[in-house]
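So the structure is just underneath, and the comments pick up after that.
The values are calculated or read from the model by the stated rules, or taken from the named source; none is laboratory data. All of these numbers come straight from a predicted model, not from anything done at the bench. Cβ sites come from the backbone with ideal geometry, for glycine too, and all protein chains shown count toward neighbours.
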Amino acid sequence: MDIDVIEHLAQEIGVRFAGTPAELEAARFIEGQFRALGLETSLECFQFLGWELLDPPELSITAPFVAPVPCFALVYAPGTPPAGLDLPVRRIGRTALLKGLECNKHALIDPKTGVQRAHIITRLQGPGAAMTLLEPARAVPAVLVGGEEAQALERWVDDYPVLRARLTLRATRRPDATSCNVLATRPGRDLNSVVLVAAHHDTQYNAPGAVDNASGVQVALEVARRLSGVRLPRTVQFATFGAEEYMMLGSKHHVQALEETGRLGTIEAVINLDMPACNAPTRVNVTQDGMHLKARVARAFERFGLFDRFGRVDWQTPPWPTSDHAPFVEAGIPAVYISHRGLRYPHLHLPSDKLDKVDREVLRLNVDVVHALVLDLAGSD
Ligand SMILES: [Zn+2]
């Protein structure tokens, strides 16, 4: 199938970090695509606390030997003093960078005061990558080290009674950042009964995001195209959210706006697409099983051979908390989240998440599934 939308977003625009002109350009492009299909569109913009990486971080061991350690800055981490911090490293325990992403945590410690001045988080089972810090972890400069480099660092921490490292990080907060959600509506006979197809269009600060998540936007647009000229009882709405990589700020904003205008109750079900383009078993998270969502999803998978294609489907419970269905689930709305490798996608939040990682056959299967699901959900009163 055609991947023109992924090409435009991931290749021509590239990195679409929330709050940047590139993210806004992506939102305007997507809005134009929905409008060209005859949908009613709008941009829903909001302000948020943004963050900007001014220089890539530098981490190196300084004693008892000298060695550079490649690392990634974590979103919302404050910067170090300009000259960096050169301090002893100590392992201080475990931390959940995100739910499902348990890592070891080390600190650069001021030997006089015992104060933790910076954090080095090591991800032993996967590559380093750009990630967003959860609220309580945003007080000191922090970087993520992954894979072999993380394993080496762990060994050095064990082997040397005193290990010193220098970290330099230049980053700043942007309190007046703006991001926009793209909303597109196909009115059905009932305007107060809505099936919502969602994806996010932003990326992490360093990733062109072909799979994560230009692929989800492509599926949403392709489904909208297939629905052209079909009149359905329920209204079908499409939303591509901004600032998902900032812990779902766009979808949180949208749910809040629906609540404030008394429209939240019109949303019957949400289908959230995040990375629907990897050659790996489908990961599905169905929550709030109103609308018989799980049975309907299983029927669509059966019909299009997803069980045969991958040998299995990963049904996940409890609710997966880190994509755009989560704010809807919290508000009590039935939602299904369709993805593939999730955090185990090896190019997640990396510059290598490019066009060549998109599996077109899987992408098309997901278009078939979501199209069938939307017809099923919106096709009956
Ligand atoms: Zn994503």
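Per the conditions (1) closer than 17 Å to residue 369 by Cβ; (2) small (Gly, Ala, Ser); (3) modelled with pLDDT of 90 or more, the sole criterion not satisfied by residue 265 is (1).
Condition check for residue 313 on (1) of a type in the set (A, V, I, L, M); (2) over 20 Å from the mean Cα position of the chain (by Cα); (3) buried (at least 23 other Cβ atoms within 10 Å of the Cβ): one failure, at (3). Considering 145, 140, the condition of being hydrophobic (A, V, I, L, M, F, W, C) and either not assigned by TED's automatic domain parsing to the domain that holds residue 60 or not in a loop (DSSP other than H, G, I, E, B) (or both) is satisfied by 145 alone.
Determine, yes or no, whether residue 371 is within 28 Å of residue 75 (Cβ to Cβ), touching a residue at least 24 places away in the same chain (Cβ under 8 Å) and surrounded by 17 or more Cβ atoms within 10 Å (Cβ to Cβ). The answer is no for residue 371. The set of residues in region 333-359 being closer than 20 Å to residue 281 by Cβ, assigned to a helix (DSSP H, G or I) and touching a helix residue (DSSP H, G or I) at 6+ places or on another chain (Cβ under 8 Å) consists of 357 alone. Taken as a whole, the structure leaves residue 285 outside the set of residues that are within 12 Å of the ligand (Cβ to nearest atom) and assigned to a strand (DSSP E or B).
Of the residues in region 221-229, not one is within 28 Å of residue 344 (Cα to Cα) and within 16 Å of the ligand (Cβ to nearest atom). Tell me, which residue of region 295-330 that is small (Gly, Ala, Ser) and part of a helix (DSSP H, G or I) is farthest from the ligand (Cβ to nearest atom)? Result: 295.
Quick grid of which residues meet (1) farther than 28 Å from residue 380 by Cα; (2) at pLDDT below 95; (3) of a type in the set (A, V, I, L, M); (4) touching a Ser or Thr at 6+ places or on another chain (Cβ under 6 Å):
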residue: 166; (1), (2), (3), (4): yes, no, no, yes
residue: 192; (1), (2), (3), (4): no, no, no, yes
residue: 227; (1), (2), (3), (4): no, no, yes, no
residue: 239; (1), (2), (3), (4): no, no, yes, no
residue: 244; (1), (2), (3), (4): yes, no, no, no
